[in-house]
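Trainee: First, the structure itself, so that you have it in front of you.
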Amino acid sequence: TQVSAQPLIVGRNEHGISRKQFSPNAIKVLYRLKDGGFDAYLVGGCIRDILLGQQPKDFDVVTNATPDQVKKLFRNCRLIGRRFRLAHIVFGREIIEVATMRGHHEAPEDKNQISQSSDQGQLLRDNVFGSIEEDAERRDFSINALYYSINDFSIHDYANGLAAINARQIEMIGDPATRYREDPVRMLRAVRFATKLDMSIAPATEQPLNELASLLDNIPAARLFEETLKLFLNGKAEANFLMLRKYGLFKSLFPALDSILDSNPDGLEFALIQQMFRNTDERINAEKKVTPAFIFAALLWFPLLQITKALQEQEQLSEYDAFAQGMNKVLSDNAQHIAVPKRFTLGARDIWHIQHRLDKRSGQRAYRLTQQPRFKAAYDFLLLRVQAGEKQHQQLVNWWTDYLKQDINGQKELVKALGTQGATKGRRRTRRRSPKPAAE
């Protein structure tokens, strides 16, 4: 899709959007910029979502004012970003993001224009300002190049975005391969928009994905963590997982797991991951809480088991020691691709640890285990394993399910019914020494 110098302008009576559908704070920002002598438009996802009958999450503004000029107009403004400077206008919990219209990064440098690219064509710094036409060319997909003007309440369509919405297609603006090289995360965005909006990826936009998927290896691990959260916590995790696998993008995010899935595409491993994402979608769509710790515990579970087995065989370690070292290694390896914050890796560790303690229920062990902060997540993880096909743990799941339903007396009876099973399990046996002969 190419950008037209003469946009399609759709009047307020034609597009049917009411000002009441926009954030009042976003409208305030637009009018203050206008009163300050600048052009300002609502742009991108908020326009797209309203046209599709969805409720926008964010309202973004684009203007010909520079970040410093925006900051002078708003006391509640903070400037962020290095790759591209942005202004955040803060209204309590709501943040209106204001971006200066971007120009072509080949433009000559001056004090307000700094651009830098890597050898692979990836944009490292991109503080280049331009006109609205140039800004439209710099947008990623045509459905995101829609501009709402408060001057006449019209929509300015520079890249046939309205036609793409009607055709329900994700179309890249410009040459897809070049645009993916500029920012490989656009490949993940194409997948996310396709599933979120129930659209297909246009053939020309889709064609380079498998070939260029490895470019994601050049993206900072912290940024990929944020992108995985958007993919897996938006109610479309299962569809995103399947599409990422289809285009070879999952390999750059979770290479160890991807290799395991490739080796056994119809096995337990694939069933568990797909079921985990399906359960995640159900919880999110039911407005229930989901923790990233659980998702990463599942995604790294099979690589962890693989590493543990290798350590047992190669280093002659006990199962406990191999498992402990395996957790360190799998998290260290994963951090090279996705930088998961410590608060979530600690949660994943707890979920994994408790898996080995769920069958130790005698005495006070069952009660003490339920007092662990991550016990419920670990119990849900065991349910997931059985749900995916580990039927050997079905009795253990049934016991814990009954236990959690009982009052304190009922729980004591369940533990008592176990008898001496597991009572000596885990105890260190002392070797009885023969008495020393008496000294002569």
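Trainee: Search region 325-335 for residues being in contact (Cβ under 8 Å) with a residue 60 or more places away in the chain and surrounded by 17 or more Cβ atoms within 10 Å (Cβ to Cβ), and hand back the single one that is nearest to the chain's Cα centre (by Cα). Even if it seems obvious, please write down each step before you answer.
Mentor: Our first condition is that a residue be in contact (Cβ under 8 Å) with a residue 60 or more places away in the chain; within region 325-335, this holds for 330, 333-335.
Within this subset, residues satisfying the condition of being surrounded by 17 or more Cβ atoms within 10 Å (Cβ to Cβ) are 330, 334.
Numbers: Val330: 19, Asn334: 15 Å.
Checked region 325-335; the qualifying residue nearest to the chain's Cα centre (by Cα) is Asn334.
Trainee: Please tell me if Leu384 is modelled with pLDDT of 90 or more, closer than 29 Å to Leu268 by Cα and not hydroxyl-bearing (Ser, Thr, Tyr). Explain how you work it out, then say what you get.
Mentor: On the way: modelled with pLDDT of 90 or more: yes; closer than 29 Å to Leu268 by Cα: yes; not hydroxyl-bearing (Ser, Thr, Tyr): yes.
Yes.
Trainee: I'm told Ala190 meets every condition in (1) buried (at least 16 other Cβ atoms within 10 Å of the Cβ); (2) over 22 Å from Gly45 (Cβ atoms); (3) not basic (Lys, Arg) except one. Can you identify the failing condition by its number?
Mentor: Tallying (1) buried (at least 16 other Cβ atoms within 10 Å of the Cβ); (2) over 22 Å from Gly45 (Cβ atoms); (3) not basic (Lys, Arg), Ala190 fails exactly one: (2).
Trainee: Going through Gly11, Gly37 one at a time, which residue ends up being open to solvent by less than 70 Å² (accessible area, probe 1.4 Å) and either in contact with a Pro (Cβ under 7 Å, 6 or more places away or on another chain) or without any contact (Cβ under 8 Å) to a residue 40 or more places away in the chain (or both)?
Mentor: Numbers: Gly11 fails: either in contact with a Pro (Cβ under 7 Å, 6 or more places away or on another chain) or without any contact (Cβ under 8 Å) to a residue 40 or more places away in the chain (or both).
Matching residue, one of Gly11, Gly37: Gly37.
Trainee: I'd like to verify a number: residues in region 40-78 that are of a type in the set (D, E, K, R), in contact (Cβ under 8 Å) with a residue 12 or more places away in the chain and within 22 Å of Val10 (Cα to Cα), how many? Steps first, answer last, please.
Mentor: The initial filter retains those residues of region 40-78 that are of a type in the set (D, E, K, R), namely 48-49, 57-58, 60, 68, 71-72, 75, 78.
Adding the requirement that they be in contact (Cβ under 8 Å) with a residue 12 or more places away in the chain leaves 48, 57-58, 60, 71, 78.
Imposing the further condition that a residue be within 22 Å of Val10 (Cα to Cα) reduces the set to 48, 60.
Final tally of qualifying residues: 2.
Trainee: Among the numbered criteria (1) part of a helix (DSSP H, G or I); (2) modelled with pLDDT of 95 or more; (3) of a type outside the set (Gly, Ala, Ser), which single criterion is violated by His337?
Mentor: (1)
Trainee: In addition: Please work out which one of (1) in contact with an Asp or Glu (Cβ under 6 Å, 6 or more places away or on another chain); (2) under 19 Å from Asp135 (Cα atoms); (3) among the polar types (S, T, N, Q) is the condition Thr178 fails and give its number.
Mentor: (1)
Trainee: While we're here: Would you please name the residue that is surrounded by the fewest Cβ atoms within 10 Å (Cβ to Cβ), looking only at residues in region 43-102 that are of a type in the set (Val, Ile, Thr) and touching a Cys at 6+ places or on another chain (Cβ under 7 Å)? First the steps, then the outcome.
Mentor: Of the residues in region 43-102, the ones of a type in the set (Val, Ile, Thr) are 43, 47, 50, 61-63, 66, 70, 80, 89-90, 95-96, 98, 100.
Okay, now just the ones that are also touching a Cys at 6+ places or on another chain (Cβ under 7 Å), so 70, 89.
Details: Val70: 27, Ile89: 24.
In this case the residue turns out to be Ile89.
The values are calculated or read from the model by the stated rules, or taken from the named source; none is laboratory data. The shown structure was predicted, so the numbers you read here are calculated from the model rather than taken from an experiment. Cβ: placed from backbone, ideal geometry, glycine included. Neighbour counts: every protein chain shown. The accessibility values were calculated without ligands, DNA or RNA, using every heavy atom of the protein model including side chains. Shrake-Rupley method; radii C 1.70, N 1.55, O 1.52, S 1.80 Å.
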